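All of the numbers you see were taken from the coordinates with simple rules; none came from a lab. Everything numeric here is computed off the predicted structure, so don't read it as measured data. Glycine also receives a Cβ, built like all others from the backbone with ideal geometry; neighbour counts cover every protein chain displayed.
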Amino acid sequence: MTDDPSRRTLNHWGRGFWFRLIGVAVLDALAVYATLILIGEGAVLMLASLIVGTVFINWVYLWPRTMALRWITPGLVFMTIFVVVPIFYTVYVSLTNQKTGNLTSKEQTIEFWEAKTHVDPDAEGQLFDLYVYTDDADEYRFLLANDDGAYFFGDPRPRSEDPAEDGVADQGTFAAGDEIPPPEFNGYRLMSKKEVFALANTIDVKNLVVDTPEGEIVILGLSQGRIVLASQRYVYDAEQDALIDTVQNRVCVPGEETATKGNFICDDGEILIPGWVAFIGAKNYTRVATNPLIREAFFKVFLWNMVFAILTVVLTFGMGLILAIVLHHYRMKGLKFYRSVFIIPYAIPAFLSILVWRGLLNSSYGVINSTLAPLYDLIGMDPIRWLSDPTWAKIAVLLVNLWLGFPYMFLLATGALQSIPSDIQEAARTDGAGGLRVFWKITFPLLMVALAPLLIGSFAFNFNNFNLIYLLTNGGPPMIGAAVPVGHTDILISFTFNLASASGRGNNFGLAAAITMFIFLIVLVISAFSFRFTKRLEEIYGSL
C-alpha cells in the first residue's frame, strides 16, 4: 500500500489537529508567561532552553511531516527535564564556586553590602529617645525625640524593603514646657511599657528602620529606648569595580585566586562574606585530584565502595539464586508460602528495616549481642562492636544489605528459571550431563543473559546506596587521624555529603558536584564494560 500525500494531509487537518492546536496554544501561553518571569530574573540559560523546547513541540505537533516524532516527544521531554538538565546543571555547578556565602549574583552581593549601615553611638547630637504609639487599628508609629525637643514621627519599615515615596517621617520640635512624650500625638496614643515589651516579642525590632530627610534611623532595641542616625558604610565604585569602606577607609576589590574568587578582598586582607557565584573552571576537579587530604580519603573510600557494591551484588544474587533453585524443584511443597515469606524484607520500607537493624546491632543493648551473650561467655570473647569497629561495621553493612536485597534477586531468578525451556536441560541430561554440569553449562549462562543487565543496575544502585550507609552507620566509625570528615563505611556519595555539606563549615556545592561527576564517570565506565560483557553472553548463548 502506497503512502498517499493527500490522505496524510487530510488526516493532519482533521479533528485531532484542532485538539493538538488547543493543547499547543495553552502550552505557548504558559511559555510566554514563563518567558516574562525568566527575563525579569535574568535566567538566560533557562530562557534559551524554554524557547528551544517550545519551538520544538510546536514543530512536532503542528507540522504534518513529523507524525512519528509525536509519540516519542513526551518521553524526550521528560528525559530532558529529569535526566539531561540535572546532568548539565551538575556540570555547571562543578565549574563554579557555589558554597555557603557564594550563592547570589554579583549585583545582589553589591546591594547587600551597600545596604550595610554604620552606627556610631558616640556621635554627638545623634541619640534619640524612642516611644511607640498605636491607634484603634493596631497600627503603630515611632516617636523619636532628643534632649533639644527635636522629633521624628514616622512609620517603621523592615530594613530589607525599599523606602516608600511617602514614608519619610514627620519632623518638628516640641515647644518649651510640652510634655515629652505626649500621651497622644497625631491621632495615636502612647503605648505602655508592658505593651511595648509585648510588641517586641512579635516583631524583629533590630531589623526596623525609620526614614528621615537626613537618612535612615536604625533601631537598637525597644527595651533600650535609644536610636542613632546611621550612615552607609560601603559604596560601590563601578570604575574601580571595588567596594569603598567609608568607615575604615579601605578599598575592597574582587579576588583573583580560586579561594577568593567571587568575594571582595579588602586592603588589610579581610574577605567579605557573602560573595557571589563565580566561574572557576576545573579547579574543583583538580582539588579532588591534587589535594592530598581529599585524594587519600577519596581513594580509600573508592576502594571500599567497589568492594561493597560488588560483594552486595554477589551475595544478594547468590542467596536469591539458591533460594530460587530450591523452590523451583517440582517436588517442593508449599511454594506459595515460602515465596511469600522470602519477599517480606522487600515489602517492608527499607528505611524502617535499616533503623530496626541499627537497634538490633547495638553493641550495648541490641538483641543480637544479648542473644549471643552465652556464646561470648563460653569462648571468652568480648561482645562484637557491630557499628563501632571498622571491620565489623563493614560486615554489618553487608549483612543488612543482604537482608534488604536478596528478595529482589530471588524474584528475578525465579522468573528467569521459569522462562528457560526445560527441553534444553532434558537434552543435556539425556546426553549424560549431571545436574551440576547442566547448571553451570546451560542454566547459569542462560540466567546471566537475562539477568546481567539487572545485575549491572543493582551494582549502580548499591554504588550510590546513600540511605543504607547514612541510616545504619552514618559512615562511621570515623577514620582516626583523617584530615577530612570520613568514616570506615563511607561510600563515595556519603563521603561527598560529609565533605561538602556536613563538615560544619557550610555547604560546598561546587566541590560536591565535582565529586558527583567523578562518581557518574566511574559508574558509566563500569556499566559500559559490563554491558559489553552482556552482549558477548547474548551472542554466545542467545541461540540456545
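Structure summary
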read-out	value
In range of the label at residue 461: residues from region 394-435 whose backbone nitrogen is under 13 Å from the point 7 Å along Cα→Cβ	401-413
Model label zone, residue 105; criterion: amide N under 15 Å from point 7 Å along Cα-to-beta-carbon; scope region 27-66	36-48
Length gained when the stretch residue 47-residue 348 is fully extended (0.36 nm per residue, less Cα-Cα span)	104.0 nm
Helical mean residue ellipticity (222 nm; -39500 (n - 2.57) per DSSP H run of 4+; nearest 500) of the chain	-16500 deg cm²/dmol
Cut-off 15 Å between beta-carbons: net charge of the residues surrounding residue 297, Lys and Arg +1, Asp and Glu -1	+1
Dipole moment magnitude, nearest 20 debye, the chain about Cα centre, only Lys, Arg, Asp, Glu C-beta charged	5260 debye
Selection from 311, 60, 103 lying farthest towards where the dipole of the chain points positive, charges on Cβ	311
Sorted by Cβ neighbour density within 10 Å, fewest at the top, the residues 459, 279	279, 459
Sites residue 67 and residue 335 - FRET efficiency at Förster radius 51 Å, r taken between beta-carbons, to 0.05	0.55
Separation between Cα centres of region 268-336 and region 81-110, rounded to whole Å	24 Å
Under Karplus coefficients 6.51, -1.76 and 1.60, residue-wise ³J(HN,Hα) of region 508-516 in Hz, glycine/proline x	10, 5, x, 5, 4, 5, 5, 5, 4
At R0 = 56 Å, FRET efficiency that the Cβ-Cβ distance of residue 33 and residue 437 yields, to 0.05	0.25
Gained length - residue 231 relative to residue 395, 0.36 nm times residue gap less alpha-carbon distance	52.7 nm
Efficiency of FRET from Cβ geometry, residue 411 and residue 22, R₀ 51 Å, rounded to 0.05	0.70
Spatially close lysines, pair count over the chain: Cα under 30 Å, gap of eight or more or interchain	19
Additional length obtainable on full extension of the chain from residue 244 to residue 116, 0.36 nm per residue less Cα span	44.9 nm
